[in-house]
1. So if I check each of 58, 22, 47, 40, which one is buried (at least 17 other Cβ atoms within 10 Å of the Cβ) and over 12 Å from residue 87 (Cβ atoms)?
2. Can you list residue pairs whose Cβ atoms sit under 6 Å apart, with the first residue in region 184-205 being at negative phi and touching a residue at least 24 places away in the same chain (Cβ under 8 Å) and the second being in a strand (DSSP E or B) and buried (at least 22 other Cβ atoms within 10 Å of the Cβ)? Count only pairs 6 or more apart in sequence or on different chains.
3. Quick check on region 87-108: of everything there that is within 30 Å of residue 69 (Cβ to Cβ) and touching a helix residue (DSSP H, G or I) at 6+ places or on another chain (Cβ under 8 Å), which residue is surrounded by the fewest Cβ atoms within 10 Å (Cβ to Cβ)?
4. Please verify whether residue 179 is out of contact with any helix residue (DSSP H, G or I) (no Cβ under 9 Å at 6 or more places or on another chain), in contact (Cβ under 8 Å) with a residue 24 or more places away in the chain and not in a loop (DSSP other than H, G, I, E, B), treating the condition exactly as stated.
5. When you check residue 161 against the structure, is it without any contact (Cβ under 8 Å) to a residue 40 or more places away in the chain, outside any loop (DSSP other than H, G, I, E, B) and buried (at least 19 other Cβ atoms within 10 Å of the Cβ), yes or no?
6. Being within 24 Å of residue 93 (Cβ to Cβ), surrounded by 17 or more Cβ atoms within 10 Å (Cβ to Cβ) and either touching a residue at least 40 places away in the same chain (Cβ under 8 Å) or in contact with a strand residue (DSSP E or B) (Cβ under 8 Å, 6 or more places away or on another chain) (or both): is that true of residue 249 here?
7. Considering only residues that are surrounded by 13 or more Cβ atoms within 10 Å (Cβ to Cβ) and touching a helix residue (DSSP H, G or I) at 6+ places or on another chain (Cβ under 8 Å), which ones fall in region 209-220?
8. Within the group 185, 168, which residue is touching a strand residue (DSSP E or B) at 6+ places or on another chain (Cβ under 6 Å) and either closer than 18 Å to residue 223 by Cβ or assigned to a helix (DSSP H, G or I) (or both)?
């Protein structure tokens, strides 16, 4: 799909991987809609990108709020062609820790935001894309964010790894579901990236994380995630696949 003139809805778009993706897509000629929580700096980030960007506060788990965000995108820019799911949370608790068993509400909330929220956006974005005229042999592209924790989750990551493994698991069946609608679905499984989730760590801890990455020997840069999103959108034969973006990292148990 040619990105010039297309419109992308990006969840978690006010920071981290989502905001980096918005910048990459704008540079490629796209309009972007930054969907993030009301507490995020969505309006400021959209203003930095200019008239081709707008921000809408929404919770990805809320069907009506996501529906309203998609309607806003189509009203402002005329269509919805790309959806990128970057919103997520990453709590850490052991199955049984010093305080007792894993908090079930924390587990359920993590799955609700990361997995259910992703699918909520997928189904509603796909419905809008399916209603539009195709551009050649494509109507849309959906990119989801899993994690390498889906494959080699560490201690304390039961909730997070389970939620991201669910995103991996839905990739192929959803791609097959949407094939007749000419919509592609691809998932990126990032490794350790230099995002706000890691920004609060001491430098010693950040260096330790980078030390485990074979090559390049550093944390991932959010713009590299955004670049892969662009490449997925532009490559019409990428579909139903999960791509690790991790510098060959395989996470240790702890």
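Each reported figure results from applying straightforward, stated rules to the coordinates on display, with no laboratory input. Please read these numbers as outputs of a predicted model, since none were measured by experiment. Note that each Cβ is placed from the backbone with ideal geometry, even for glycine, and that neighbours are counted across all protein chains shown.
1. 22
2. Close Cβ pairs satisfying both conditions: 184/141; 185/142; 186/143; 187/144; 188/145.
3. 92
4. Answer is yes for this residue.
5. yes
6. Yes; evaluated as a whole, the condition is true for this residue.
7. 209, 218, 219 - these are the residues of region 209-220 that are surrounded by 13 or more Cβ atoms within 10 Å (Cβ to Cβ) and touching a helix residue (DSSP H, G or I) at 6+ places or on another chain (Cβ under 8 Å).
8. Sole residue among the options that is touching a strand residue (DSSP E or B) at 6+ places or on another chain (Cβ under 6 Å) and either closer than 18 Å to residue 223 by Cβ or assigned to a helix (DSSP H, G or I) (or both): 168.
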